[in-house]
Amino acid sequence: MILGILGGGQLGWMLGTAARRLGIECVFLDPAEHCTSDLVGDRIRAAYDDEDALSELARRCNVVTYEFENVPAEAAARLAKEVDVRPGWKSLETSQDRLVEKSFLTEHGVPVPAFAAVDDLASLEAAVVKVGLPAILKTRRGGYDGKGQTVLRHPKDLESAFAAIGRRPAILESMVDFDLEASVLVVRGSDGATETWGPIRNQHTGGILRRSDCPAPDVSSEATSAMLAHTERLARALDHCGVLTVEFFVRGDDVLANEIAPRVHNSGHLTIEFSQTDQFENHVRAVTGLPLGSTSSRHPHAMMLNAIGAAPVDADLTADHIAMVDDFGIPSEEVTAGVAVYHDYRKSPRPGRKVGHLTAVSRESPGAWADRLTALIPGSSTTDPNSAG
Ligand code: AMP
């Protein structure tokens, strides 16, 4: 079995690490000079729309998956003619366009913030009447980590807000006054069996995920059941194969879906240490037709911190007895309760870039030690936007 993966970033690296454990070889496609995934597999270095490269990938692999949802439509269609691409086209198409995505969620009974399509200034004015202010204007395609979006507070700002997102097709969404954000991950196997992780509480600053906690503190059982049920229903409706992540806004017992990702997700990184089977292994299992592993927890608590904009100082990690993941990941038996592990993506730092993450598993819910770890990991603070990296 040889698995092709579009994208050689940290998600590709962690997928490749999991695949190796299962004895599955990976071939990546990515145009970058250096890729984190180079540690765990061969790579075809070419653009995602390079026809020869796509044909080579199809020839060399039994099945192809991806680590990001903005795979060019033509590339996915071309590949699908030559090799199985999982998750399939419907999952990609739905998650690539925020208008299609929000409409799909609504059709399948998943509540979302009020939204309206925006194509020009006139439709933006109409959208403000429908949705109200404050609101968030988001490009329909291509945005991530808060990019391609701007907050709209006053009617006089319509023109400048539309200019700020490049006058591109967009949606206007009402600004939700949520208690917290959470995600649920589901993996659906080729036989339709499912396993879930979460809900996981996610804390963002400046649109970028800083910290995740599982179990999610302060989430009612009603909100938990609703998120799990919505996520599983969406995976079935998409005929999804692999991991699907749904991000929610939670307010009391109510939940609103924010977005879906047809792939492994940053908020699921803590499953490596926390769960019997992590998101990466179960994604590989699903897309290669293997039975899924159990997602039950191995520890009472897990917390993940993203290193953004700069790497932590090695000496600080050593002083705090924080293990570093080696090239192939650490064997899961070695992670015992009370341990923190840093995953270094070997990426050169630049502002806003995720360069690694730390996961701490523990018997008690995170206490003062969590603040100490946050101070070690640049950009992970949820309260200090200036350390935002
Ligand atoms: P997104 O790229 O849509 O996931 O947005 C990134 C982050 O911006 C989210 O995780 C929220 O913290 C915030 N955000 C996005 N949409 C809304 C909304 N409608 N109301 C309030 N906050 C939002």
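The values are calculated or read from the model by the stated rules, or taken from the named source; none is laboratory data. The shown structure was predicted, so the numbers you read here are calculated from the model rather than taken from an experiment. Note that we place each Cβ from the backbone using ideal geometry, even for glycine, and neighbour counts take in every protein chain shown.
State whether the residues of the range 235-258 include one that is buried (at least 21 other Cβ atoms within 10 Å of the Cβ) and part of a helix (DSSP H, G or I). Yes, the range 235-258 contains a residue that is buried (at least 21 other Cβ atoms within 10 Å of the Cβ) and part of a helix (DSSP H, G or I).
Remark: pairs (first residue in the range 258-273, more than 13 Å from M14 (Cβ to Cβ); second residue near the ligand (Cβ under 10 Å from one of its atoms); Cβ separation under 6 Å; 6+ apart in sequence or on different chains) = N258/E247; N258/F249; E259/E247; S267/S183; S267/N202.
Please work out if G166 is on the phi > 0 side of the Ramachandran plot and in contact (Cβ under 8 Å) with a residue 60 or more places away in the chain. Considered against the rule, which asks whether it is on the phi > 0 side of the Ramachandran plot and in contact (Cβ under 8 Å) with a residue 60 or more places away in the chain, G166 comes out as no. Entry remark, the range 135-165: residues being over 23 Å from I260 (Cα atoms) and in contact with a Ser or Thr (Cβ under 7 Å, 6 or more places away or on another chain) number 2 in total.
The residue of the range 208-223 that is nearest to the ligand (Cβ to nearest atom), among those that are on the phi < 0 side of the Ramachandran plot and of a type in the set (D, E, K, R), is R210.
Out of curiosity, is A307 surrounded by 24 or more Cβ atoms within 10 Å (Cβ to Cβ), part of a strand (DSSP E or B) and of a type in the set (A, V, I, L, M)? The answer is yes for A307.
Filtered by the rule that a residue be touching a His at 6+ places or on another chain (Cβ under 9 Å) and more than 18 Å from D278 (Cβ to Cβ), the range 212-235 gives H230, R233, L234. Please determine whether any residue of the range 329-347 is part of a loop (DSSP other than H, G, I, E, B), at pLDDT 80 or above and closer than 20 Å to G268 by Cβ. Looking through the range 329-347, at least one residue is part of a loop (DSSP other than H, G, I, E, B), at pLDDT 80 or above and closer than 20 Å to G268 by Cβ. Answer yes or no: is there a residue in the range 129-136 that is among the aliphatic types (A, V, I, L, M), within 13 Å of the ligand (Cβ to nearest atom), outside any strand (DSSP E or B) and not assigned by TED's automatic domain parsing to the domain that holds L228. There is at least one residue in the range 129-136 that is among the aliphatic types (A, V, I, L, M), within 13 Å of the ligand (Cβ to nearest atom), outside any strand (DSSP E or B) and not assigned by TED's automatic domain parsing to the domain that holds L228.
Applying the criterion of being buried (at least 16 other Cβ atoms within 10 Å of the Cβ) and assigned to a loop (DSSP other than H, G, I, E, B) to the residues of the range 81-109, the residue that is nearest to the ligand (Cβ to nearest atom) is D97. Checked against the criterion of being more than 16 Å from the ligand (Cβ to nearest atom) and in contact with a strand residue (DSSP E or B) (Cβ under 6 Å, 6 or more places away or on another chain), the candidates V176, V186, V151 yield just one match: V186.
Please verify whether A116 is among the aliphatic types (A, V, I, L, M), over 27 Å from D191 (Cα atoms) and within 16 Å of the ligand (Cβ to nearest atom), treating the condition exactly as stated. Answer is yes for this residue. For the residues S267, S294, the requirement of being outside any loop (DSSP other than H, G, I, E, B) and of a type in the set (S, T, Y) singles out S267.
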